[in-house]
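These notes are about the structure you will find just below.
Coordinate-derived values only; no laboratory data. Quick caveat: nothing in here was measured; it's all calculated off a predicted structure. Positions of Cβ are generated from backbone atoms using ideal geometry, with glycine treated the same way; all protein chains shown enter the neighbour counts.
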Amino acid sequence: MISLALPKGSLERRALQLFEAAGLRVRRSSESSYRGTIDYGNMTRVAFYKPREIPSLIESGSFDLGLTGADWVEESGAKVEVVEAFDYSRHSEKPWRLVLAVPTDHAATCVTDLVDGVRVATEYPNTSRRFLEAAGRRAEVVVSYGVTEAKIPELADAMVDVVETGHSLRQNNLRVIETIKTCGAQLIANPVAYEDKGKRDVIRNVARLLRAAWVGPAHVLLTVRVPAERLPEAALAMPADSWRAGSSLADENTVVLQGVLQKRDVPATIGALLSAGALDVTESGVGMLASDTARA
Ligand SMILES: Nc1ncnc2c1ncn2[C@@H]1O[C@H](COP(=O)(O)OP(=O)(O)OP(=O)(O)O)[C@@H](O)[C@H]1O
Ligand SMILES: O=P(O)(O)OC[C@H]1O[C@H](OP(=O)(O)OP(=O)(O)O)[C@H](O)[C@@H]1O
C-alpha cells in the first residue's frame with residue numbers, strides 16, 4: 001500500500017488533472033472531501049494538505065509519497081527523496097519564483113544594497129535567513145502568515161515571497177531585486193518507503209506515468225504517406241524523437257511513416273515532408289508519452 005499526500009490550494013487543480021491524465025484518477029466523495037483513493041498500487045490512503053505541511057508528513061513517514069512545492073521542500077529542510085519535478089504554478093505551466101522584493105521607490109537594486117538591520121517579512125524564514133546570511137546581510141526576519149505584501153512599511157522594509165505573474169507585486173508597489181529560487185511542483189517520497197522494493201516499484205511507476213502525462217500533450221503523432229522511392233528523403237525531414245516506417249496495405253508503392261515529435265516542430269516538419277514527396281500528413285494528439293528520455 002502506498003499512501004499519498006496531495007496539495008490543497010494553488011497546486012491542487014493541476015495536480016488532479018495530471019493524476020487523471022496519467023490514469024491515476026483520485027476518487028473522493030466530493031471536491032470538499034480531503035480523503036480519497038486511487039485504483040492503482042493499492043493507493044487506498046490519499047489525503048489533501050497545505051503544501052507547506054507536506055514535506056514533514058513525508059519525512060516522518062505519515063505518508064509515503066507527496067506532491068508539493070520545491071519552496072516548501074527547501075524551507076522545511078525535510079529529508080525526502082525528490083522523485084520527479086513538474087514546472088507548473090497556480091496559473092501556468094511555468095515555474096514560480098521565490099523573490100526578495102522592495103517598494104518601487106526603494107533605492108536598492110540588489111540584496112547587498114540593503115542596510116544591516118533591514119526588516120524582511122516572509123513565510124519562508126529559513127530560506128530567507130540562509131539567503132541573507134550568504135549575501136552578508138544582518139537582517140531581521142519577520143515571520144508572516146500570508147498577505148506578506150501588506151507587512152510593508154509598518155512591519156517590514158522588504159519581503160521574500162512567491163511571485164508568479166507579478167500581479168500582486170504590481171498592485172502593492174513592490175519590485176523584485178533578487179530571485180532566490182525558481183520553484184516547481186515536486187513529487188517527493190519518504191526515504192525508507194523508497195528503499196522498500198515493493199513500494200519503490202509503485203512509486204517509480206507513478207512518477208513515470210505522471211511524467212508521461214506531463215510530456216504527452218506537448219507532442220503529436222504524425223502519420224505520413226510517401227512514395228517508396230522518396231522514403232529516405234522523407235525520413236530525413238522527420239525530426240521525430242522516434243519514428244518507424246511500414247508498408248501501406250492499400251498500395252505497395254506507398255510507405256507509411258509514423259513519428260512522434262514536439263508540437264513546436266510541426267509546421268516546419270509538415271513543410272519539409274511535403275517538399276520531400278509526402279502524399280499526405282495526418283497529425284494526431286498524444287495523451288501519454290512514456291519514455292526514459294522524453295522531456296517537454
Ligand atoms: N501563483 C502562486 N501563488 C502562490 N503560491 C503558488 C503559486 N504557484 C505555486 N504556488 C505554490 O503553492 C503554495 C501555496 O499554496 P496555497 O495556495 O495552498 O497556500 P497559501 O496561499 O500559502 O495558504 P493559505 O491559503 O493558507 O493562505 C506556494 O507556497 C507555492 O509552493
Ligand atoms: O505573482 P502573482 O501571480 O500575483 O502570485 C503571487 C501571489 O500569490 C500568493 O498569494 P496568495 O494569493 O496565495 O495569498 P497569500 O499572500 O495569503 O499567500 C503569493 O503570496 C503572492 O502574493
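For the stretch 150-283, calculate the relative contact order in percent as a whole number, restricting contacts to Cα pairs under 8 Å that are 6 or more residues apart.
Computed over the stretch 150-283, the figure is 23 percent.
Taking the Cα centre of the stretch 96-182 as origin, sum charge times position over the Cβ atoms of Lys and Arg (+1) and Asp and Glu (-1), and report the length of that vector in debye to the nearest 20.
Working: 10 positive and 12 negative charges, 42 e Å.
Value, rounded to 20: 200 debye.
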ask   = What size of dipole, in debye to the nearest 20, comes out for the chain about its Cα centre when the only charges are +1 on Lys and Arg C-beta atoms and -1 on Asp and Glu C-beta atoms?
value = 560
request  = Evaluate the distance, in nm, between pseudo-label points positioned 7 Å from the Cα of Arg130 and of Asn205 along their respective Cα→Cβ axes.
outcome  = 3.5
task = Please say if the stretch 217-285 is rounded, prolate or oblate, where rounded means a/c under 1.5 for a ≥ b ≥ c the square roots of the C-alpha gyration tensor eigenvalues, and otherwise the choice is prolate for a/b larger than b/c and oblate otherwise?
result = prolate
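If you count the DSSP beta bridges with both ends in the stretch 96-182, what percent of them are antiparallel, to the nearest 5?
Values: 12 of 19 bridges.
About 65 percent, rounded to the nearest 5.
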remark   = Links exceeding 23 Å between C-alpha atoms in this model, out of Lys50/Lys94; Lys94/Lys181; Lys199/Lys263; Lys50/Lys181, come to Lys199/Lys263
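Under 8 Å for C-alpha pairs, at least 6 residues apart: give me the relative contact order for the stretch 1-143, rounded to a whole percent. The partial results should precede the final answer.
Details: 198 pairs, mean separation 28.1, N = 143.
Computed value for the stretch 1-143: 20 percent relative contact order.
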query = Working out 0.36 nm times the residue gap between Thr254 and Asp87, then minus their Cα-Cα distance, what length gain in nm do you get to one decimal?
reply = 55.9 nm
query = If we count every other residue with Cβ under 12 angstrom of Lys50's Cβ, Lys/Arg +1 and Asp/Glu -1, where does the sum land?
reply = -1
remark   = If unit charges are put on Cβ atoms (+1 for Lys and Arg, -1 for Asp and Glu) and the dipole of the stretch 217-285 is taken about its Cα centre, the option from Leu261, Ala218, Ala237 lying farthest towards the positive end turns out to be Ala218
